Amino acid sequence: AYCSNMPPAGPAWPRFRVLRALWALLVVLLAPWRLWAIKDTLECTWQVVLNNFETVGKNHASDRFFNQEPLDTVDEVFSLLVDSPIDPDERYLGFPYFLKINYSCKGESSEALVRKGHLTGLKPVVLVTFQSPVNFYRWKIEQLQIQMEAAPFRSREWCNAEELCIMSWYTPMPVKNGSAVMRVDVSSNGLGPFIPNKRFQVNINGFLERQRDNTLQFTVGNELFNLMPRYFVNVPSRPLWYTVDQAPVLILGGIPEEKAILLTDTNFKDFFLVELSIDSCWVGSFYCPQANFTATIYDAIATESTLFIRQNQLIYYFTGTYTTLHETNHGSGRWVRILANECIKKLCPVHFHSNGSEYVMALTTGKHEGYVHFGTITDGRVSFELLPRQQSLCSGIRVVSCSITWAVFIAGDYNLLLLVEIEEPSSKKHFQVVSYDLVSDYLVILYTIPEFIPDARGLEFLMILGTESYTNVPMVPKGMSYNEYNNLLFIWGNFLLQSNNNENYIYLADFPKELSIKYLVNSFHGDIAIVTETEEIWYLLEGSYQVYKLFPSKGWELYLSLQLMQQSSFYAPNETMVTLFFDDSKLYQLVYLIDSQQGRLVKRLVPVEQLLMYQQLGNHYLLEQQRSHLTLSFTNFCPFSVMRLLDVPNPQIYTRQERYRALPPRILEPSGFHNNNSLAVYQGLVYFLLWLHSKYDKPYADPVHDPTWRWWKNKKQDQDYYFYLASNWQSAGSVHIDMASYEKIYDLKAENELPERIFLDKGTTYSFSVFLTARGHSFTRSSSQRRSQVGLAVVLADPSCIEAVVKQKDLINRNSVLFWLTLSDKRTCFDQGISGHHLMKTTMLIKVVGSSGHCFQNTHQGPRMQGNLMVPLLIGCPPGKRLAFDITYTLEYNRLQNKHYFDCVHVDPEMPCFLFRDIFYPFFLIQDLVTGDSGSFQGSYVLKVVGGGPTLDTIKDYSEEDIYRFNSPLDKTGSLIWTTRNTTTTTEDSAFNIMSHHSLGIEWLCLENSPCHDTIPHSIFAPEFFFKVLVSNRGVDKSTYCDYQLTFLLHIHGLPLSAKRAFLILTLSASLFVGLVILYIIFCLLLPFMVKACNILRWKINNIIASESYCIYSIPSDTRAFSKTALTKSGSSSKRVAENEAEAEEAVVKPPT
């Protein structure tokens, strides 16, 4: 809260000269000499902004990430790249944005620094990590990264220097379907100045749209540009609720008497104040408790694509425009009021998604008191269900009056935990924890919270058994918090209860009963922050029972004083905390500062480690008189001085992180600076690389297990030629594309730290070592052996599912201990699932005994807590593993076994044919897309024909009944399509054959009632058929948690005809042949007569023509002459005719010689 005349922080205590000297010495002691040498370099930091194609090269230009469609403008540039490795027939697209990268150091010119870094060889390396999608039914679950090297680019604005004034580095900003959250890590290539790595959140904002005047406007409301002090000063802080790791846009309400929210797409690195375009009405009725109307947005929850708010007793939602998440645009266009006839008193968040959806819960009051509206968000579509289904909660637990105070959804068990307030007829209240099973609709009371706070009697924690004594302070629960990874449930109010099984509870006594918790913030990586009603901040490390006070405290007062002395812009004498949240496992505050009558909102880090160090050293020191002066000494409670992780395995096989590498094309210019065309080529190459990745998941395995193989397979032999052109500066477009610069990385090395998460398949083990150097002399003699007093504990959240084996080796001469840890899956807690689906969440906590809150390591980025290592574990089928049809080896083996191979007449290299009469021997591969491993599938599987057709266009899917008839050896209807050549085992119900790598051989049958029987040929060649084949190992392969499912098309040719159709074709063919023979004989016999008839006919035709010609040429004027001539000619003609007739008769009568 804001206090006008508040001292820097913390309570008042006696201040002596010795204590002042102590604090000064503490400051010196906490800055080791090793850090002094790099003090200047620590002031440098990376800077990243987003640019589109039009703003590349413009100074101070920055764009918002809302456009998600690829651009085709880069294709024009690629058309100019002749004599290059690219395929001219491909169409190249580009992403809509670039990342512009600079760096700055405190007190120096950023432009000069960037020039200096470039001239000394500095090149930023950008690693973009895509968040896996929520809806794994639509998008493939994968952990994908792409590593790019930034390209130098000169500013396009005017400069009076001949070569260079202002420059920056640029990389494409890729977008991936199914992901709206991207994490950008910027690091150095190791040359030039030292700049610490920095992480940026670059998310898609689906709540922006471009107006006609080319400006951006929010679709949820209107942006307000004036952050008035009354919005924040003396306003209580509120929690920030969102789906962890999935929400690209975060929102925060609580601005008094304003229907406005704070909205950010960068985790509050920057933000906007938006006035929402909602109707601001409030529906009151006889069943809704009357309350004062207010415009304040009380509850706000952000999910992957949908925002929820509560104003008064109404809730609204708004779905953003995310074409990368939804196949079609599901954007709302306006706020939608839902549950309009209900009285909603509170929204409860669900922090994790599951089963392809996200969830939110609305607690009701009034007519539906004791019910929960359970909301499901799938692909932006929102639906609510009233729970419990059969009866109210009060009826289910057999009480007259009850009210739900808080609700928690446990996705793994599909269960609701409800904090229920029960009012007895005597007006006495008590609270219970009730479990509701969403599958069975069953209610059960798990725990009844004690009426009063227990008396811990000086202990840090107390196990609630019912036999302990209690104070007279009532327990007032306000809410619950649940961590799905370690199964820890916290119930909080003016107390803090912790449970590992929801039934047995531990009271944490370090938290004072005089305070009341307002909300809890969980990092889900082992840290919990607590905010009280008086805006105090407390801290709890999971796995321990100590609760530390961070603000106000002595450590905070010292830290704040140092920051004010350094004139830090993140601190001011007057401030108000707006919210508290974790970002990348670090605790941050959103604070409103008032300095010199100017108010501003900033995001700042809460230095948990430094505050704990200050408090530890300030509370445990000793002043001893030695001769004439006092000596200051400290007590270090950390049991070790050095902690290192050794023998850590390579991470990718366990983290399932796929990584690609893309370097900018080589620019053939003396300055080495890129231009717009070369950046466009870089965009197109990165886009095509990720496009190849997305298209690689196909059923037929390539001969080489790598997505980039098809890209360069026809160009590799010309690699030296392209290098020759580039060496002689003759490459087209002054750009050289190195094929080796675009590849998939399979051999990432471990960095002696535990991975962010570990995926465990069936029976998988993970081993590493922990090396500890004890502080002081820690070895004691016990039973003639020296044993170290330094202990290591491994806490498993689900010991029935995983086990840990720890072996210890004492290194007495080095005063150290080496622990070997082996974590393994017990093969019991998971059935089978599709790759990346329905994984079981659990954790492993490695804890050095006595180290919680006491051990710190100084790094160049500040102190880091040591001794507690919490790693999330995910049990099930890991992402990135698939089953593929090994067409290469299948063809080779079939040719060897059948002594021949006949392909189709029309050859398709992507889908070779197999002959019907040959025995078919299929082989399959297990391909690991993460590590690059590809090996023959050795497990058992079931093969089914689930569809088919004589052509690709006529393929149809079969029903379950048809699949059984066409594939089951028990079929008696004559419908089998295939059978096994050798005797095989069958499934438990004997419905299908179980095949394996050793029991091969499929014989095609196509019996009378099968769809491939009596296939009509479409040409003179034998009939063909396309079978849609499903191969699955579910229920028959016990070697893995993976449910491998492969569906592919199999092209079979040479199918036989049915007996009836064959006889019919034979009959027709024979009849046609005999008819043709008879016709030929008749033709040969009648040929002479036909020739004679033709001759006679020809003679008669000639005679008729001659007669007509004589009549036509007669002359009527010279009758006499004509008559004489006519007679003469007539006689001659008659004579000639008579001769011809005689010759014809002679030819007929005379026999042939």
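Screening Arg656, Arg644 for residues that are open to solvent by less than 10 Å² (accessible area, probe 1.4 Å), closer than 30 Å to Phe768 by Cβ and of a type in the set (Lys, Arg) leaves exactly one candidate, Arg656.
Tell me, please, whether a residue that is surrounded by fewer than 22 Cβ atoms within 10 Å (Cβ to Cβ), modelled with pLDDT of 95 or more and of a type in the set (S, T, N, Q) can be found in region 505-517. Yes: one or more hits. Select from region 1027-1062 the residues that are open to solvent by 20 Å² or more (accessible area, probe 1.4 Å) and either among the aromatic types (Phe, Trp, Tyr) or assigned to a loop (DSSP other than H, G, I, E, B) (or both) and list them in ascending order. Arg1034, Gly1035, Val1036, Lys1038, Ser1039, Gly1054, Pro1056, Leu1057 - these are the residues of region 1027-1062 that are open to solvent by 20 Å² or more (accessible area, probe 1.4 Å) and either among the aromatic types (Phe, Trp, Tyr) or assigned to a loop (DSSP other than H, G, I, E, B) (or both). Only residues that are open to solvent by less than 40 Å² (accessible area, probe 1.4 Å), modelled with pLDDT of 90 or more and within 19 Å of Lys176 (Cα to Cα) were counted in region 310-346, giving 4.
Checked against the criteria, Asn52 does not count as closer than 20 Å to Thr324 by Cα, in contact with a Lys or Arg (Cβ under 9 Å, 6 or more places away or on another chain) and open to solvent by less than 60 Å² (accessible area, probe 1.4 Å).
Only one entry of Gly94, Gly178, Gly190, Gly117 meets the criterion of being open to solvent by less than 40 Å² (accessible area, probe 1.4 Å), out of contact with any Leu (no Cβ under 7 Å at 6 or more places or on another chain) and small (Gly, Ala, Ser), and that entry is Gly117.
Please enumerate the residues belonging to region 55-70 that are over 23 Å from Phe218 (Cα atoms) and either touching a Pro at 6+ places or on another chain (Cβ under 9 Å) or open to solvent by less than 20 Å² (accessible area, probe 1.4 Å) (or both). Before the answer, list the steps.
In the first step, residues of region 55-70 are kept if they are over 23 Å from Phe218 (Cα atoms); the result is 56-59.
Of everything in region 55-70, those that are over 23 Å from Phe218 (Cα atoms) and either touching a Pro at 6+ places or on another chain (Cβ under 9 Å) or open to solvent by less than 20 Å² (accessible area, probe 1.4 Å) (or both) turn out to be Val56, Gly57.
When Val244 is tested against (1) within 22 Å of Asp584 (Cβ to Cβ); (2) touching a strand residue (DSSP E or B) at 6+ places or on another chain (Cβ under 7 Å), only condition (2) is not met. Identification of strands (runs of 3 or more DSSP E) wholly contained in region 350-411 with 2 or more residues that are buried (at least 21 other Cβ atoms within 10 Å of the Cβ), within 33 Å of the chain's Cα centre (by Cα) and modelled with pLDDT of 90 or more yields 358-365, 372-378, 401-410.
Can you find a residue in region 1022-1037 that is among the charged types (D, E, K, R), more than 29 Å from Tyr893 (Cβ to Cβ) and either touching an Asp or Glu at 6+ places or on another chain (Cβ under 6 Å) or at pLDDT 85 or above (or both)? No, because not a single residue in region 1022-1037 is among the charged types (D, E, K, R), more than 29 Å from Tyr893 (Cβ to Cβ) and either touching an Asp or Glu at 6+ places or on another chain (Cβ under 6 Å) or at pLDDT 85 or above (or both). Any residue that is more than 22 Å from Ile653 (Cα to Cα), touching a residue at least 60 places away in the same chain (Cβ under 8 Å) and loosely packed, with under 15 Cβ neighbours inside 10 Å - is there at least one of those in region 828-849? Yes - at least one qualifying residue is present in region 828-849. May I ask you to verify whether Arg64 is among the basic types (Lys, Arg) and in a helix (DSSP H, G or I)? The answer is no for Arg64. Within region 719-761, which residues are open to solvent by less than 40 Å² (accessible area, probe 1.4 Å) and polar (S, T, N, Q)? Once the filter is applied, which keeps residues that are open to solvent by less than 40 Å² (accessible area, probe 1.4 Å) and polar (S, T, N, Q), region 719-761 yields Ser731, Ser741.
Residue-wise test of (1) part of a loop (DSSP other than H, G, I, E, B); (2) surrounded by fewer than 20 Cβ atoms within 10 Å (Cβ to Cβ).
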| position | (1), (2) |
| --- | --- |
| Ala884 | no, no |
| Glu892 | no, yes |
| Leu896 | no, yes |
| His900 | yes, yes |
| Val907 | yes, yes |
| Phe914 | no, no |
| Pro922 | yes, no |
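For beta carbons closer than 9 Å, sequence separation of 6+ or different chains, a first residue in region 33-59 that is on the phi > 0 side of the Ramachandran plot and at pLDDT below 90 and a second that is open to solvent by 40 Å² or more (accessible area, probe 1.4 Å) and in a helix (DSSP H, G or I), the qualifying pairs are Gly57/Asn676.
Any chance region 543-559 includes a residue that's in a strand (DSSP E or B), touching a strand residue (DSSP E or B) at 6+ places or on another chain (Cβ under 6 Å) and open to solvent by less than 30 Å² (accessible area, probe 1.4 Å)? Explain how you work it out, then say what you get.
Step one: filter region 543-559 for residues in a strand (DSSP E or B), giving 547-551.
From what is left, the residues that are touching a strand residue (DSSP E or B) at 6+ places or on another chain (Cβ under 6 Å) are 547-551.
Subsequent filtering for residues that are open to solvent by less than 30 Å² (accessible area, probe 1.4 Å) retains 547, 550.
Among the residues of region 543-559, at least one is in a strand (DSSP E or B), touching a strand residue (DSSP E or B) at 6+ places or on another chain (Cβ under 6 Å) and open to solvent by less than 30 Å² (accessible area, probe 1.4 Å), which makes the answer yes.
Taking Thr471, is it closer than 23 Å to Lys518 by Cβ, modelled with pLDDT of 90 or more and not charged (D, E, K, R)? Criteria met by Thr471. Kindly indicate whether any position in region 968-986 is under 24 Å from Leu1049 (Cβ atoms), modelled with pLDDT under 90 and either among the aliphatic types (A, V, I, L, M) or touching a Leu at 6+ places or on another chain (Cβ under 7 Å) (or both). No, region 968-986 contains no residue that is under 24 Å from Leu1049 (Cβ atoms), modelled with pLDDT under 90 and either among the aliphatic types (A, V, I, L, M) or touching a Leu at 6+ places or on another chain (Cβ under 7 Å) (or both). Contact map, region 717-728: residues that are farther than 10 Å from Pro85 by Cβ paired with residues that are outside any helix (DSSP H, G or I) and charged (D, E, K, R), Cβ distance under 7 Å, separation 6+ or inter-chain. Pairs shown: Leu725/Asp83; Ala726/Arg666. Among strands (runs of 3 or more DSSP E) entirely within region 937-1018, having at least 2 residues that are under 20 Å from Asn1033 (Cβ atoms) singles out 941-949, 978-980, 993-995. Out of the residues in region 193-226 that are under 20 Å from Ile251 (Cβ atoms) and of a type in the set (Asp, Glu), state the one that is most open to solvent (accessible area, probe 1.4 Å). Result: Glu209.
Among the residues of region 427-452, write down those that are open to solvent by 60 Å² or more (accessible area, probe 1.4 Å) and either of a type in the set (Ser, Thr, Tyr) or assigned to a loop (DSSP other than H, G, I, E, B) (or both). Before the answer, list the steps.
Filtering region 427-452 for residues open to solvent by 60 Å² or more (accessible area, probe 1.4 Å) gives 427-429, 439-440, 442, 445, 448, 451-452.
Within region 427-452, Ser427, Lys428, Val439, Ser440, Tyr442, Thr448, Glu451 qualify.
Taking the criterion of being over 26 Å from Gly853 (Cα atoms), open to solvent by 20 Å² or more (accessible area, probe 1.4 Å) and touching a residue at least 40 places away in the same chain (Cβ under 8 Å), the residues of region 584-611 that qualify are Ile594, Gly599, Arg600. Within region 120-144, the only residue that satisfies the criterion of being out of contact with any Ser or Thr (no Cβ under 7 Å at 6 or more places or on another chain), open to solvent by 20 Å² or more (accessible area, probe 1.4 Å) and assigned to a strand (DSSP E or B) is Leu127. Picking from residues in region 462-484 that are of a type in the set (S, T, N, Q) and in contact with a strand residue (DSSP E or B) (Cβ under 8 Å, 6 or more places away or on another chain), the one that is least open to solvent (accessible area, probe 1.4 Å) is Asn483.
For every residue, the table says whether it meets (1) open to solvent by less than 40 Å² (accessible area, probe 1.4 Å); (2) of a type in the set (Lys, Arg); (3) within 42 Å of the chain's Cα centre (by Cα); (4) over 22 Å from Val608 (Cβ atoms).
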{"position": "Pro454", "(1), (2), (3), (4)": "yes, no, no, yes"}
{"position": "Glu460", "(1), (2), (3), (4)": "no, no, yes, no"}
{"position": "Asn486", "(1), (2), (3), (4)": "yes, no, yes, no"}
{"position": "Glu503", "(1), (2), (3), (4)": "no, no, yes, yes"}
{"position": "Leu520", "(1), (2), (3), (4)": "yes, no, yes, no"}
{"position": "Gly526", "(1), (2), (3), (4)": "yes, no, yes, no"}
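The values are calculated or read from the model by the stated rules, or taken from the named source; none is laboratory data. Every value quoted in this text rests on a predicted model; they were computed, and no experiment measured them. FYI the Cβ positions are ideal-geometry reconstructions off the backbone, even for glycines, and counts take in every protein chain you see. Accessible surface is based on the protein model in full, side chains and every heavy atom, while ligands, DNA and RNA are left aside. Shrake-Rupley method; radii C 1.70, N 1.55, O 1.52, S 1.80 Å.
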